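The values are calculated or read from the model by the stated rules, or taken from the named source; none is laboratory data. This one's a predicted model, so the numbers in the text were calculated from it and none came from an experiment. Positions of Cβ are generated from backbone atoms using ideal geometry, with glycine treated the same way; all protein chains shown enter the neighbour counts. Note: areas computed on protein heavy atoms with side chains; ligands, DNA, RNA excluded. Shrake-Rupley method; radii C 1.70, N 1.55, O 1.52, S 1.80 Å.
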Amino acid sequence: MCQFMDDGFLVLEGFLDPDECDALRERMKEIVEKMDVPKHCRIQFSTDHDEQLKTQGSADYFITSGDKIRFFFEKDVFDDKGEFIVPKELSVNKVGHALHAHDASYKSVTHSPSVQNLVKKLGLENPVVLQSMYIFKVELTPHQDATFLYTEPLGRVMGVWIALEDVTQQNGCLWFIPGSHKNGITRRFVRTPQGSDSLTDFVGQEQKYDSELFIPTPVRKGGVVLIHGEVVHQSAQNTSNVSRHAYAFHIMESKNTRWSPDNWLQPTPEQPFPSLYT
């Protein structure tokens, strides 16, 4: 685990077996087939600064998704009346943000002995699960997860990204800047005061990064990528004809940690952040 602390990320192959991966993909197929999304909630997902504020930033559907299973879509999948113009299974960009709480299959993986043993090796004492996502084909601009999941002190959040199919440079693997988790953050995604035009906003600006600093992290089906909350990472567009499905969730060491009340994601009395060890 020293490499994780040095680089800010770590690839571990063979974390899930192929049958477990297939079961998660099949379960998501069932969820998407049954999804019923009101037309006014059919918003696209983006990590681009301006597009994010235009869509998620002004959408109650997004900001209240922390304790629900909701659907976020690709561009140009609806007509001007909000009707699908592509098959449902090809329209979804990601599903979030509480699969770990509301679906038995994803909850089982999130709280599995393998995950618990992994975080114990990293020294986490009271980890809680913040959010979870099924990712179909997200193109990620360079960012740090702590921008969206801010804690005091920093360094208390970790992403667990599980490849449900082989992930290559051609179909959109993650790219990281090794050691970039040691430099802090320069941008935050926050809730705005009540009465604002938008429900969220960015404070500060993302740094400009030299593309030569990024290194790719291909991973085979069933492998996991551990992601430090402050490490800079991105993923390119899937230029192949092969899909790249993944299940990801974020955990936080809750001991001596303050979760920012400005974060877009907030626990509720009905659904607090659950302990990973339950």
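For residue 260 and residue 84, the FRET efficiency from 1/(1 + (r/R0)^6), where r spans their Cβ atoms and R0 equals 41 Å, is about 0.65. The length gained on full extension between residue 201 and residue 114, counted as 0.36 nm times the residue separation minus their Cα-Cα distance, comes to 27.6 nm. Computed with a 1.4 Å probe over protein heavy atoms only, the accessible area of residue 91 comes to about 0 Å². Taking other residues whose beta carbon is less than 15 angstrom from the beta carbon of residue 215, and scoring Lys, Arg as +1 and Asp, Glu as -1, yields -4.
In the chain, the calculated helix contribution to ellipticity at 222 nm averages -5000 deg cm²/dmol per residue, counting -39,500 (n - 2.57) for every DSSP H run with n ≥ 4.
When only Cα pairs below 8 angstrom with a gap of at least 6 residues are kept, the stretch 1-259 shows a relative contact order of 30 percent.
Comparing 102, 250, 143 in a Gaussian network model of the chain where C-alpha atoms under 10 Å apart are linked, the largest mean-square fluctuation is found at 102. Proximity of backbone amide H atoms, modeled 1.01 Å from N, is registered between residue 206 and no other residue at under 5 Å, excluding neighbours fewer than 5 places apart on the same chain.
Annotation note: GluC sites (Glu not before Pro) in the stretch 195-278 located in DSSP loop regions with a Cβ neighbour count of at most 13 within 10 Å are 270. Of the cross-linked pairs 120/182; 75/137; 107/255; 39/75; 34/94; 34/137, those separated by over 18 Å at the C-alpha level are 120/182; 107/255; 34/137. Computed from the Cβ-Cβ distance with R0 of 25 Å, the FRET efficiency linking residue 19 to residue 102 stands at 0.65. So what's the net charge close to residue 98: Lys and Arg +1, Asp and Glu -1, counting the other residues with Cβ under 11 Å from its Cβ? Residues near residue 98 contribute +1 overall. If only the Cβ of Lys and Arg carry +1 and only the Cβ of Asp and Glu carry -1, the dipole of the chain around its Cα centre is close to 420 debye.
Once the chain from residue 275 to residue 211 is taken as fully extended at 0.36 nm per residue, the excess over their C-alpha distance is 19.3 nm. Quick check: from the Cα gyration tensor, does the stretch 1-259 come out rounded (a/c under 1.5), prolate or oblate? In terms of gyration-tensor shape, rounded.
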